[in-house]
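The values are calculated or read from the model by the stated rules, or taken from the named source; none is laboratory data. Worth saying up front: this structure is predicted, and the values here are computed from it rather than measured. Cβ coordinates were reconstructed from backbone atoms using ideal geometry, including for glycine residues, and neighbour counts include every protein chain displayed. The area values use the complete protein model at the heavy-atom level, side chains included, leaving out ligands, DNA and RNA. Shrake-Rupley method; radii C 1.70, N 1.55, O 1.52, S 1.80 Å.
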Amino acid sequence: MLGQYVGDNGLALATLAFRLSRYVNGVTTAHMNFSQRLFPAFHIRAVTNGVHPHTWTSGPFRDLYDRYITGWAQEPELLVRVDKIPHEDIRHAHRQAKQTLVDYVREKNGVDLDPSALTIGFARRAAAYKRAALLFSDLEKLREAGRRGTIQLVFSGKAHPADAAGRQEIRRVHDAMHDLEGGEVTGVYLENYSMDIAGLMTAGVDVWLNTPPLPPYEASGTSGMKAALNGVVNFSVLDGWWIEGWIEGGTTGGWAIGPGPGAPVSEAERRARELQDLYSKLEYLIIPPTYYLRKDEWATIMRSSIAKIAYYFNTHRMMRRYATEAYL
């Protein structure tokens, strides 16, 4: 019987698993669509991933939600009502979470970050394909953006001991941050990445950066979902879950980098568009016109991040989908 699953390259585990399963799903719609093209003989569905709200919401935002949105931890869909929370209360909760990150960076790295400066976070397993160093592709353009308003970068992530390319990516980030020292852009890299550090970063930065490789290699990703629970704004390549969560213009708490996965562009054109978006949106949409000059508009974008991302991309909705569709 197993003979039908054995080919020239050995046992086809994916086919075996599909045939032995009653329900097959991808972890985002994009993942489902790509998997369906790979395995056209099988019916593949989608249940988009989510994160546990109470775990990834910082203390200041837990207190804030408790005051204004009773029951949010049990029913995170209620976060759609975040518009009732005043801008100043949103800003105050974020300032508290940001100060906690600033204090940690001072303790661990000896760097004094400015709590009022735009702070961009990036933290993932350090693998070359996740492109942690993409932001540093053109240091002069990054400096130009910094001249329009101070930029602080907080990066973290660990490479597998056997992953030489991942370790090299960390070195590239360190070298770039060293080259930027003394200028308009400050960068720190937090060692020994852990869930605790991830929690500090996804709550304490202002913008969460995500630069996965050529779509569709990002099946889902979840760090941006954690950030949204704390009103942090996403700035991400259009892949994984962000395709479902994004509407350009900040109305859902963020912006896209580069074209979507279905865009008819070559890989070289896609790379060029990504870099163009990365620097131009940072310089002309995010830094001076919004973060530094339009405080109420930025607070509105933070609320949109919570109301249109955090309310949906959570484990409660995800498990309900599995229970009602997959586990019947």
Residue-normalised accessible area of the stretch 150-196, given per residue in Å² at a 1.4 Å probe
55 Å²
Give me the percent of accessible area attributable to carbon and sulfur for the stretch 147-228, probe 1.4 angstrom.
48 percent
When the chain is fully extended, how far beyond the present Cα-Cα distance does Arg91 get from Met195, taking 0.36 nm per residue of separation?
35.0 nm
Over the chain, the sum of -39500 (n - 2.57) across DSSP H runs of at least four, divided by residue number and rounded to 500 deg cm²/dmol, gives at 222 nm -12000 deg cm²/dmol
For Lys281, the lysines lying under 27 Å Cα to Cα, once residues fewer than eight places off in the same chain are dropped, come out as Lys98, Lys130, Lys141, Lys226, Lys295, Lys308
Debye equation applied to the C-alpha atoms of the stretch 1-158, log10 I(q)/I(0) at 0.09, 0.11, 0.12, 0.21 Å⁻¹:
-0.58, -0.79, -0.88, -1.31
Within the stretch 184-209, whose backbone N sits under 19 Å from a point 7 Å along Cα→Cβ of Lys108?
186-209
To the nearest 20 debye, what is the magnitude of the charge dipole of the chain about its Cα centre, counting +1 on the Cβ of each Lys and Arg and -1 on the Cβ of each Asp and Glu?
760 debye
In square nanometres, what is one fourth of the surface area of the convex hull spanned by the alpha carbons of the chain?
18.4 nm²
Burial-style ranking of 305-318, 269-282, 53-66, average other-beta-carbon count within 10 Å with highest first, yields 305-318, 53-66, 269-282
Heavy-atom accessible area per residue - the stretch 48-93, 1.4 Å, Å²
47 Å²
Proximal aspartates and glutamates to Lys84, defined as alpha-carbon separation beneath 14 angstrom and excluding residues fewer than eight positions away on the same chain:
Asp66
Of Pro216, Pro259, Ser280, farthest towards positive along the dipole that unit charges on Lys, Arg, Asp, Glu beta carbons give the chain:
Pro216
What's the carbon and sulfur percent of the stretch 9-144's accessible surface, probe 1.4 angstrom, rounded to a whole number?
51 percent
